[in-house]
Amino acid sequence: IGIADRILMAYKWNILLRVKGITISLYKATTTYLTSTFLGLFLPTTVGGDGVRAYAIAREGYASGDVISSVVMERILGMMALMLFVMGSISLSIFWLGQRFFPDIDNLFWGVTAFFVLSIVLLAITFNSTITSRGLKLLSGLERMPLGKKILKVLNSVTESYVGYSRNKKELGLFFAWCMVENLFPIAWTYLLARAFQIEVEPFYFFILVPIVLILRRLPLPTPDGAGIHEGAFVYLLSLIGVAAEKGLLLGITTHLLVIALVLPGGIFFLLNGVHAPRKKQAKVEIPAA
């Protein structure tokens, strides 16, 4: 299950890369993803691994703005898919199963819904080229700072590429659909581990618990690979339905170790190739006959 999850992550990202004309094989996308995620174990949550991944592709001659914008779009839509998944799961648990797992579940639903709606609004705003151009003009003062011109050049490149995704709604919709499918994988292995440890939890609760943990893990917090956040979220969310803290901690630690184990092959790829991506194919130049 875990291996399939990693391959699907790389496949989804490849959809966004191909929109920008960056054509790499699924194998290369997967090895790059695994390598960057492995290095991300030692860097701040999410941001560290994403930076390594963007660098790995951009250093091979692809436009850095396109690469960075693909990672940004991946994170935005991935987070929105998790929020929608939580909203749907809570709705089904209340209206279909008639199950309210804890007293404040309504507050959780409306809180997540508010952030989801806000995300849609922000996505629409940032897809507006006029608004983003004005925003960049506000940063023009950076030119007077050391490296300011280079920073502005990168920001302009990333922004232009990011706004360009607004013309690829079909591909974004496909990516979002795969995100919803991908959310099922960590739910499946968390449920199986809970069964293995004989932790009695209503199976459908994992459809709420796991996406919330993933949302918290993907926030740009200054902890290596979300250490402590992941485990603490498991303890708290399971305590809401009466699971003892030690059992919640056990499940949190075990699922975190499983995620780490899944990216260890990235360490092998790193030792063999470094932070490497396939080299950009050079166009063949025809030399006319004299």
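No value in this document is a laboratory result; all are computed from the given coordinates. Remember, it's a predicted structure, so these values are computed and weren't measured experimentally. So basically every Cβ, Gly included, is an ideal-geometry build from the backbone, and we count neighbours across all protein chains shown.
Between Glu202 and Leu257, what FRET efficiency follows from the Cβ-Cβ distance if R0 is 35 Å, with the result rounded to 0.05?
0.90
Give, in nm to one decimal, the length gained when the segment between Lys137 and Leu249 is fully stretched (0.36 nm per residue of separation minus the Cα-Cα distance).
On the way: separation 112, 0.36 × 112 = 40.32 nm, distance 4.81 nm.
Fully extending the segment from Lys137 to Leu249 adds 35.5 nm.
Which loop-located chymotrypsin sites (Phe, Trp or Tyr not before Pro) does the stretch 164-260 contain, where loop means any DSSP state but H, G, I, E or B and the Cβ has at most 13 other Cβ atoms within 10 Å? All intermediate terms of the calculation are to be shown ahead of the outcome.
On the way: sites: Tyr165, Phe175, Phe176, Trp178, Trp189, Tyr191, Phe197, Phe204, Tyr205, Phe206, Phe207, Phe234, Tyr236; in loops: Phe197.
Sites meeting the loop and neighbour criteria: Phe197.
Under unit Cβ charges (Lys, Arg +1; Asp, Glu -1), what dipole magnitude, rounded to 20 debye, does the stretch 1-154 have relative to its Cα centre?
Working: 15 positive and 8 negative charges, 134 e Å.
Rounded to the nearest 20 debye, it is 640 debye.
Projected area of the chain, taken from the Cα convex hull and averaged over every viewing direction, in nm²?
Working: hull surface 78.4 nm².
Result: 19.6 nm².
If R0 is 35 Å, what FRET efficiency do you get for Ala114 and Ile268 from their C-beta distance, rounded to 0.05? Show your work: numbers first, answer last.
Working: r = 43 Å, r/R0 = 1.23.
With R0 = 35 Å, the Cβ-Cβ based efficiency is 0.20.
What's the FRET efficiency of Glu171 with Arg100 using the Cβ-Cβ distance as r and R₀ = 41 Å, to the nearest 0.05? Before the final figure, lay out each step's value.
Numbers: r = 38 Å, r/R0 = 0.93.
Taking R0 as 41 Å, the efficiency between Glu171 and Arg100 is 0.60.
Could you calculate the contour length gain from Arg75 to Arg195, that is, 0.36 nm times the residue separation minus the distance between their Cα atoms, to one decimal place in nm?
On the way: separation 120, 0.36 × 120 = 43.20 nm, distance 3.08 nm.
Length gained between Arg75 and Arg195: 40.1 nm.
Show that you can apply the helix-only estimate: for the chain, add -39,500 (n - 2.57) for every DSSP H stretch of four or more residues, divide by all residues, and state [θ] at 222 nm to the nearest 500. Write down the numbers at each step before the final one.
Values: 13 runs with 203 residues, N = 290.
Estimated from H runs of four or more residues: -23000 deg cm²/dmol.
Per-residue counts of other Cβ atoms within 10 Å, averaged by peptide: what ranking do you get for 59-68, 258-267, highest first?
Values: 59-68: 19.0, 258-267: 16.5.
Final packing ranking: 59-68, 258-267.
When the Cα centres of the stretch 93-135 and the stretch 172-236 are compared, how far apart do they sit, in Å?
18
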